[in-house]
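Undergrad: First, the structure itself, so that you have it in front of you.
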Amino acid sequence: MRLPVLLQAPADPIPVRPIRIDAATTPRRLTLRAIAAAPRQMVPAAMLLVMHQVGESLVPVIMGFAIDQAVATGDPVRLALCVALLGADFALLSFSYRFGSRLGLLGIEAVQHRMRTLVADRLLDPKGVKGRAGLPGVSLSIAATDVNNLARAVSIAAWPVGEIAAVLLTGTVLMVLSWELGLIVLIGVPLLLLIMDRAGGPLRRRSHDQSALAAEASGKAADLLAGYRVLSGLGAQGAAADRYRKASRDALAGSLRAAGSQGVYTGSMNLASGLFVAGLAVVAGLRALNGDLTVGQLITIVGLTQFIIGPLSGLATNAGAIWAAALASAERVLSILQLPHHDAAHGDARPEPGDGKLSLTGVRTANLDGLDLDIAPGECVGLRATPAAAADLAALLSGGAEPDAGAVAWQGRPFAEYDLEALRAAVLVVPHHAALFDGSILDNVGLLTADREAVDAALDAADCAEIIDAAPNGLDTEVGEDGLRLSGGQRQRIALARALAQRPPLLVLQDPTTAVDSVTESRIAERLRAARGNGSTLLVTDAPALLAVCDRVVDLNAKATA
């Protein structure tokens, strides 16, 4: 028989409060909103951790009472009662700490999942983002390390609450035993907290610098791996490796500086806390020498002064270092969450089922000069264009940009009237470098949506038989991140098969066969037209084999020359 596990994390993500992000959101506001995002977990966690700290602080109180009222008097009944009371207190503080910590960690993980989802959604938004320049590793570092640092700030809603409760209870007990000691605690602790906040400024700055350096190193590493084959062809591996080594050394130096700063900060706060506690002990010793305190009261005061070191050190860590690191990471997280969308606006219309006509009328961009182009249902059109013009056209047809002049329409309606995701399902644009996902060949081609018949037909049209035959696990072979386990030609063919398997009404392919040999390119050209069936196709390429199967060819290069 399997017993139920208490506080087991559920299979589905734990819901948290919406974390509002707008243009006015500052790193401090984002951190505070993250801290308040999981009240269902953090409020009971804080209550349990308060109970834990109260139980811890009661241990010397019970022991002092037992010495004065049971040991000194020789009363066995009172002694047994004190022992039982001490046992109950230990049971309470143990239970409350275990389950309070579990609830607190559950809340932290829930907020971390939510924040990472927000970052991923922003980066993968179909509308795209404008104004972001950086390597993929930078975004990965923010989504991983910085989100983790930000989510750790949620602990401030629980652990420091218990630590402050312990300090207040200790001060109250000391006030009863000796008003001087109680006054020192109740005045001194707020001053320590103020010093912690002021001393955290340098740590926040160094944490921010270290995060930026680490993200840059991650970005260079990701960029190096993604372009390794190109670097090998140019013989530039050594120069690229030197650049990464420099970035890595800078990141290491930044990490050491941040760690040193945090060590100095935490050590200074612990020293201040230790001096504070030592002062309490000196005052208590003097009171005992004067006969103002009993033996039990002295034991209680000494025990409380030793106990209070833990909560004060915890405040230096939880309310100081964690807060400083969270603010630095929150600034980097906001650098993604506050990115504006592209200027292209879209409505909520959806394309009608079936094929449609693409119409470009007088389209002008930075690299297109008055383009007029119609593609009828089922037609295959070839287009010769410069790389810059091809990139502009791809941006227009993917719905991520608007022309400077002219109009782009599908099924007789302007692109801007359509829902963006629905439009992209009808007009599928495959750029020259189409990224593959870290999964199997089958997952990459089918995308978990296409049926097996469509996948097999697409693989055949893209001439992928030899790839599958050579793969160790056939269609289940992992391709690696962005297809790093495949050659350039294999990646292109898998990407082409993926596009064909989706069977969109209009498929736009930009240089889909530049990395394959001429024989393979001819086979693909022969099969491509049949694979498209009644679908329309726009081939942006200079490859003669592909242009030969088109119904007509539009040469923008000749137009520009004329």
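The values are calculated or read from the model by the stated rules, or taken from the named source; none is laboratory data. This one's a predicted model, so the numbers in the text were calculated from it and none came from an experiment. Because the Cβ atoms are built from the backbone with ideal geometry, glycine has one as well, and the counts that use them run over all protein chains shown.
Undergrad: Could you run through the range 379-393 and say how many residues are surrounded by fewer than 21 Cβ atoms within 10 Å (Cβ to Cβ) and in a helix (DSSP H, G or I)?
TA: 3
Undergrad: Right, something else. Consider Met47 carefully, then state whether it is buried (at least 16 other Cβ atoms within 10 Å of the Cβ), at pLDDT 90 or above, in the same structural domain as Ile308 (by TED's automatic domain parsing) and part of a helix (DSSP H, G or I).
TA: Here the answer is yes, as Met47 does meet what is asked.
Undergrad: So if I check each of Arg523, Arg529, Arg552, which one is more than 17 Å from Asp460 (Cα to Cα) and either of a type outside the set (Val, Ile, Thr) or buried (at least 19 other Cβ atoms within 10 Å of the Cβ) (or both)?
TA: Matching residue, one of Arg523, Arg529, Arg552: Arg552.
Undergrad: Since Asp250 meets every condition but one in (1) on the phi > 0 side of the Ramachandran plot; (2) at pLDDT below 70, which condition does it not meet?
TA: It is condition (1) that Asp250 fails.
Undergrad: Among the residues of the range 442-471, write down those that are of a type in the set (A, V, I, L, M, F, W, C), outside any helix (DSSP H, G or I) and free of Cβ contacts under 8 Å to residues at least 40 places away in the same chain.
TA: Residues satisfying the conditions are Leu448, Cys464, Ala471.
Undergrad: Of all residues in the range 61-89, count the ones that are under 23 Å from Gly171 (Cβ atoms) and within 45 Å of the chain's Cα centre (by Cα).
TA: Residues flagged as under 23 Å from Gly171 (Cβ atoms) and within 45 Å of the chain's Cα centre (by Cα) within the range 61-89 amount to 1.
Undergrad: Oh, and also: Among the residues of the range 434-480, what is the count of those that are over 24 Å from Leu124 (Cβ atoms), surrounded by fewer than 20 Cβ atoms within 10 Å (Cβ to Cβ) and of a type outside the set (A, V, I, L, M)?
TA: Qualifying residue count for the region: 12.
Undergrad: Is it true that some residue in the range 330-343 is at pLDDT below 75, aliphatic (A, V, I, L, M), under 15 Å from Ile156 (Cβ atoms) and assigned to a helix (DSSP H, G or I)?
TA: no
Undergrad: Could I ask something else about it? Looking only at the range 398-434, how many residues end up being aliphatic (A, V, I, L, M), closer than 18 Å to Ala499 by Cβ and at pLDDT 80 or above?
TA: Within the range 398-434, residues that are aliphatic (A, V, I, L, M), closer than 18 Å to Ala499 by Cβ and at pLDDT 80 or above number 8.
Undergrad: How many of the residues making up the range 344-389 are over 30 Å from Ala548 (Cβ atoms) and touching an Asp or Glu at 6+ places or on another chain (Cβ under 8 Å)?
TA: The qualifying residues number 9.
Undergrad: Mind checking which residues of the range 304-315 are of a type outside the set (Ser, Thr, Tyr) and under 14 Å from Val185 (Cβ atoms)?
TA: Hits for the range 304-315 are Leu304, Gln306, Phe307, Ile308, Ile309, Pro311, Leu312, Leu315.
Undergrad: So how many residues does the range 64-89 have that are surrounded by 17 or more Cβ atoms within 10 Å (Cβ to Cβ) and of a type in the set (A, V, I, L, M)?
TA: Looking only at that region, the number is 3.
Undergrad: Could you say which residue among Leu298, Leu293, Leu280 is surrounded by 19 or more Cβ atoms within 10 Å (Cβ to Cβ), on the phi < 0 side of the Ramachandran plot, at pLDDT below 80 and not in a helix (DSSP H, G or I)?
TA: Step by step, each of Leu298, Leu293, Leu280 is checked, and only Leu293 is surrounded by 19 or more Cβ atoms within 10 Å (Cβ to Cβ), on the phi < 0 side of the Ramachandran plot, at pLDDT below 80 and not in a helix (DSSP H, G or I).
Undergrad: Let me ask something additional. Residue check, Arg498 against (1) more than 32 Å from the chain's Cα centre (by Cα); (2) charged (D, E, K, R); (3) surrounded by 23 or more Cβ atoms within 10 Å (Cβ to Cβ), all met but one. Which one?
TA: So the condition that Arg498 fails would be (1).
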